[in-house]
1. Just to check your reading of the model, which residue among B:732, B:703 is buried (at least 24 other Cβ atoms within 10 Å of the Cβ), touching a residue at least 40 places away in the same chain (Cβ under 8 Å) and touching a strand residue (DSSP E or B) at 6+ places or on another chain (Cβ under 9 Å)?
2. Would you point out which residue out of B:619, B:665 is of a type in the set (A, V, I, L, M, F, W, C) and not in a strand (DSSP E or B)?
3. Go through region B:40-49 and give me each residue that's under 24 Å from the mean Cα position of the chain (by Cα) and either over 18 Å from residue B:497 (Cα atoms) or facing chain A (nearest Cβ under 10 Å) (or both).
4. Can you give me the number of residues within region B:492-541 that are closer than 21 Å to residue B:644 by Cβ, over 22 Å from the mean Cα position of the chain (by Cα) and not acidic (Asp, Glu)?
5. Within region A:450-490, track down each residue that is facing chain B (nearest Cβ under 9 Å), assigned to a strand (DSSP E or B), touching a Leu at 6+ places or on another chain (Cβ under 9 Å) and more than 28 Å from residue A:375 (Cα to Cα).
6. What do you reckon, is residue A:271 of a type in the set (A, V, I, L, M), within 17 Å of the chain's Cα centre (by Cα) and assigned by TED's automatic domain parsing to the domain that holds residue A:96?
7. I'm trying to understand the selection: among the residues of region A:606-625, which are crowded, with 21+ Cβ neighbours inside 10 Å and at pLDDT below 95?
8. At pLDDT below 95 and within 14 Å of chain B (Cβ to nearest Cβ) - does that describe any residue in region A:278-285?
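The values are calculated or read from the model by the stated rules, or taken from the named source; none is laboratory data. In this text the structure is predicted, and so the values were computed from the model without any measurement. Note that each Cβ is placed from the backbone with ideal geometry, even for glycine, and that neighbours are counted across all protein chains shown.
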2 protein chains.
Amino acid sequence: MAKFKKTKVEIEGKWQERETLVETDDLARWDDDVRLEKVGKPHTRVDGFERVSGTARYTHDVKLPGMLIGRILRSPVPHARIKKIDISAAAALPGVRFVLTNDTMGDLLKRGRSSLFETTVRFEGDEMAAVAAVDLQTAEEALALIKVDYEELPFVFDPAEALRSGAPAIRKGGNSAGEPSVYRRGNVDAGFLEADVVLDRTYSTSAALHNCLETHGAVARWEGDHLTVWHSTQNVFGVRSQMASALGLPLHKVRVIKEYIGGGFGSKNAAGKYALCAAILSRKTGRPVKIMLDRREENLAAGNRPQAVIHVRLGAKSDGRLTAIEVKSISGVGAYGEGSPPITGPARELYACENVLAEEQGALTNTGTYTAFRAPGYVEGTFALESAMDELAAELHLDPVEFRMKNYADRQQVRDLPYSTKNLSEAYTLGMKKIGWEKKRNLRSQAGTKMRGVGMASQLWSGGGTPPSYAIVRMNADGTFDVITGSQDLGTGTKTVFTQIAAEELGVAMERIHTVVGDTLTGPYSVLSAGSLTLPSVGPAVRMAAKDAKDQILEIAAEILNEPSEKLQITDGTIVSQSGSRISLDDVAQKVGNYMIIGKGARGPNPEEYNVNTFGAQFAEVEVDTETGEVRVLNVVAAHEFGRVINPLTLGSQIEGGVIQGLGFGLFEGRVMDRNTGKSVNPNLEDYKIPTALDVPDIDWNAVGPADPIATNIGAKGAGEPPIIPPAAAIANAVFDAIGLRIYDLPITPAKILDAVRMNGGRV
Amino acid sequence: MAKFKKTKVEIEGKWQERETLVETDDLARWDDDVRLEKVGKPHTRVDGFERVSGTARYTHDVKLPGMLIGRILRSPVPHARIKKIDISAAAALPGVRFVLTNDTMGDLLKRGRSSLFETTVRFEGDEMAAVAAVDLQTAEEALALIKVDYEELPFVFDPAEALRSGAPAIRKGGNSAGEPSVYRRGNVDAGFLEADVVLDRTYSTSAALHNCLETHGAVARWEGDHLTVWHSTQNVFGVRSQMASALGLPLHKVRVIKEYIGGGFGSKNAAGKYALCAAILSRKTGRPVKIMLDRREENLAAGNRPQAVIHVRLGAKSDGRLTAIEVKSISGVGAYGEGSPPITGPARELYACENVLAEEQGALTNTGTYTAFRAPGYVEGTFALESAMDELAAELHLDPVEFRMKNYADRQQVRDLPYSTKNLSEAYTLGMKKIGWEKKRNLRSQAGTKMRGVGMASQLWSGGGTPPSYAIVRMNADGTFDVITGSQDLGTGTKTVFTQIAAEELGVAMERIHTVVGDTLTGPYSVLSAGSLTLPSVGPAVRMAAKDAKDQILEIAAEILNEPSEKLQITDGTIVSQSGSRISLDDVAQKVGNYMIIGKGARGPNPEEYNVNTFGAQFAEVEVDTETGEVRVLNVVAAHEFGRVINPLTLGSQIEGGVIQGLGFGLFEGRVMDRNTGKSVNPNLEDYKIPTALDVPDIDWNAVGPADPIATNIGAKGAGEPPIIPPAAAIANAVFDAIGLRIYDLPITPAKILDAVRMNGGRV
């Protein structure tokens, strides 16, 4: 039962006391002594067949009777003032049903932006108009017939340049994307004065694209004044409220459905402008409208990890104790970004240090707008901080791990609270052992032109989840169960782990359970699937709902068996009493018939006296070809702490995916802009390089530490972001170990290696 | 909370003690002193726009990507042994994806019938094979290419003939569709001996077709081993369990969806063989498959009200007291029917009589199988009983209403229990007054060739509803609500009345509420929408769920206002305290945010110490043209008791629809079989006559009596069947009043009127 009361919540990074609802969670943690039967076992995906057989339905697969295809006209230039849009030829094209501009839109857009399209376009790919036509080809022909008169304006795409005075102004009042975010602890000036060694370095990272296999898109259909949107999204409830708000609809008139999704990685957390265009075009034409971006649009306009420049200054005593950490970042958040990703997060939290200054500044640029990308900020910030730590360890003549252990944080540094659990030191020990740290370090002198080295980096991320989230567990008349939540499965195995949790709590086989997600009408509210939130936020609600259903079943069985319900439990689908009497769940279900057991569960509050985090370390072994500049990653040992492992198979997939995506960020990926035109030269998958199967190293992943006894009733923490955080730094540090040269700018391309070698006089 | 305990339930017409679940319903009845704001008011349909604008989606409208069209091969003869089916030419036709016969089906059919298709076909329209093809035309061409060798067998379609020895045997062991159902009370032989007057008559009624505007049909789609069926049905949960059972699937792998439906009237209570064919063809082809019957198939094979012969014997004292009632019926339940509709129900229950013998016998015939049709049995049985009562009143020189009042049943006759309410006498009084009974009776002598008369008939039906049914009420983050049940709206206004009930209980405007039905996944279990069950079964669960949600909201408001929740109520969307302090629901919703209030409601048990029924009487004024034989109904006054009226608009529609459908049954409708071929000569809407707008009389409908204080927490009873029960008898009695001649066989066609006049020597 929800109660309204004062509690501490994090609002924009600050913990404040606020009145909020709190859902009771009086459920005991699963005792580690309890033999868990379903949880902790490697189960294949419950929807594996659908995924591999082509029957899984993605937003891209949605086809509705009478459906029109919509396309969006996008700016071909990075910055221009639109003087006139002439849609007459497009509107006259047979098969075109509507051409949407600010002029033709009417008053459908209610809140938020004053107009759907900007009158000044601010990046290549910025939306200018949209059409709906009977098919894709007609829609594309229509786009080509729209005449736009525009006056080109000077542009800027480098974030540091954008902030300089005299840079082309993207918004009135300059290119700062909001006030810098500043965090201070202690006194860094004093800390640097106290230091024996100070390291001062600047790192830079490239704008990286999410490259979802399924591009962004949506289908909109109206029935009366009720709107249904199929949206490739990580956040069905968020999209619902955003669509409702933009169109001035109450929430109960908007339904958002996402069945299967081909990747999101943070880029699909919100309703896209394409979805608004689809909804408005559908309203105008009286037909369903589908808009899916093509790969070029996807890469230009669907979001990115922003290009960043990160300045790190570390001070340490000669014994290795950090006296000051200062990190200042500038990131290019694109034309319409706000604020900055939390690049300084690792600097604030990862190490015990009394004096910290962390400053983040976002810069508007004439590029696509930044969106969250798996561990936003932390990937960039960890590359910088953990590269600097490696370099400082070398200056201090300390082993990198030893240096980190000297600054090990036993308490959460910002809130000054104990951690619910922290087993990062175990991760270090295990990683060192498994990679062969002692044996493989510092072999530089023994190598030929292909030089090998090992490096490591640490990771910290939240991962404890958050309320509110809800689940319903229903027993059908044959003793099967539906587990229903308003969560969504990003392909990470959400349905599978929810099924395991419910099966464990109910004491039944997984086959008895059907888990349903991805529909705001069918499922109760659940948080978005981002930020490693899903499992620790919704999983506990699933367990609560299963417990509630189980309690009702046991009460009924108690009457049948004439035993007190407290003495009953369900094991392998049979209700068993301590006295030995028993009845199968099938028999109970048959007696219950169409009377439906409906269990309800809610996510309880987060602990107020502890900080819940995930930790980990990755160790990489690389081989650097000093003649070609090529870096190959041979092995990665990933050791992460996620509390209880619900499913080793899906966890392994998460870690492997993260390592590979991090490797791509470290070695290959980056949006490349043309200085003369301000356009992207690689908005595609030919020229934008992501790792292929041949680039994937042997990945030895490991979960360390026990179930978290405090975090939630399932003891598990989120594993989405952590694995992508350390790879780039671990690889950069391994490259340094291999050739003694450090690359400060990602990705570590062959050209940069060769440049570094050349700058070093050819010496490695 | 559900508890398992012993309670009395009706099993096959008998009340037995049985262990069953009982849901608590501690909700107070709405006091009649309470000013109800939403309930009782004439609200137009909440989905009126969708219905009239074409955006409402019927099963017929479902189109899925890659969907195939299925068609069924049906027997062209009424009875034949199939020797061979050759599908080779059909299977070879380009565009044909699968031809389904018992041979090609494999082992997909798990339970129930041993095979999907019969090897002996038993009526014109019986299923023999099915095809799935890329479009309708190809599927129909394929049907024409299937060669069936069959040996024709003798047939019988008249129910009485079918039971005679020597009749063609439709099933081994003869044509009895089960043992006769016999009910005895007292001693009829003694009753007839005691009688001063005995009336002995035989009535007959025709097989009537439901004529749903939307024909029967389904669409099936598999995703892995999960099956989704869109089925034009009155019973999504029933279809789910039937499909699951037939295909050997657990319930959680089957989802049934019915959005809008174009009529059911009892014929869509179950999964059709077309749905099984669609599911199996879909499994075989890997594509969604849609099968919708055409009008001819619909009229041959989608069910009917069976042809019946009803023998009535009534005994009465000269003062009008009934001493014995004996009713024996034979109905032709078609080739695969079981049992008989409850034709003798009115005889058992309508009048106080100590001696009753009621016998029902079903006869197999070579015709389409009978299914429930709005007030099954009661329409036929009431025509017979109320015609006989009218005739006996004349013999006793009593006014027909006076005669009925002399035999008024104050207690339920079969269970010997008091009624929760019975206000039939009020209906009589009101009907007499409004039709002008005293003035218009017995005007025969004053008329010319167009003679007018008035007649009346009574009606009794259950109507109290039944558990189990469930509802969920959720509050969204903007203070709007979703009311979700697994019920279905047959077009009767279910969504509208649920919305009214929830709005009333929550104290908010109806616009704040979105009511959702018709999906086994989205909604919790609800009973089928048939037998006048929906409102009194699901409505109370909706009220309970709204109350549960409201209680949670008030608890939260209590903490905000710092008042005890017992002192709070919601009025017009504002939470008001007795102390005068208040907060709007919008403000509470904003504070609650994404925390979701989820209310759950269940239908409580029926009262054990009372019988809950609906009662009514209809009075008809007719004009009989003695030269053409045409009967025109000029006026109908319908006075019915349904307890509390939730929505006068939708109730009026129900009554008008019932009167019109009953009028059609009385005057026009009937399946006509060809004696030589055993085929129907009118399986269409040209030759099968239903009332048109020009045949519709002025209908003055009235609800009598107060809210039922016992039935359920909403005090309302079901209005689906009652209005169709009395019209045929009232019209037949009015015809008798007009011309002094009685027609014993429905429909009362001009030919029968002219025959009767002729038989009477031209005298009227």
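1. Working: B:703 fails: buried (at least 24 other Cβ atoms within 10 Å of the Cβ).
Result: B:732 is the single residue among B:732, B:703 that is buried (at least 24 other Cβ atoms within 10 Å of the Cβ), touching a residue at least 40 places away in the same chain (Cβ under 8 Å) and touching a strand residue (DSSP E or B) at 6+ places or on another chain (Cβ under 9 Å).
2. Numbers: B:619 fails: not in a strand (DSSP E or B).
One residue alone meets the criteria, B:665.
3. Residues of region B:40-49 under 24 Å from the mean Cα position of the chain (by Cα): B:40, B:42-48.
Scanning region B:40-49 gives B:46, B:47, B:48.
4. 12
5. Passing the criteria: A:481, A:482.
6. On the way: of a type in the set (A, V, I, L, M): yes; within 17 Å of the chain's Cα centre (by Cα): yes; assigned by TED's automatic domain parsing to the domain that holds residue A:96: yes.
When the stated conditions are applied, residue A:271 passes them.
7. Let us first name the residues in region A:606-625 that are crowded, with 21+ Cβ neighbours inside 10 Å, namely A:606, A:611-622, A:624.
Within region A:606-625, A:606 is the sole residue that qualifies.
8. Residues of region A:278-285 at pLDDT below 95: none.
Checked region A:278-285: no residue is at pLDDT below 95 and within 14 Å of chain B (Cβ to nearest Cβ).
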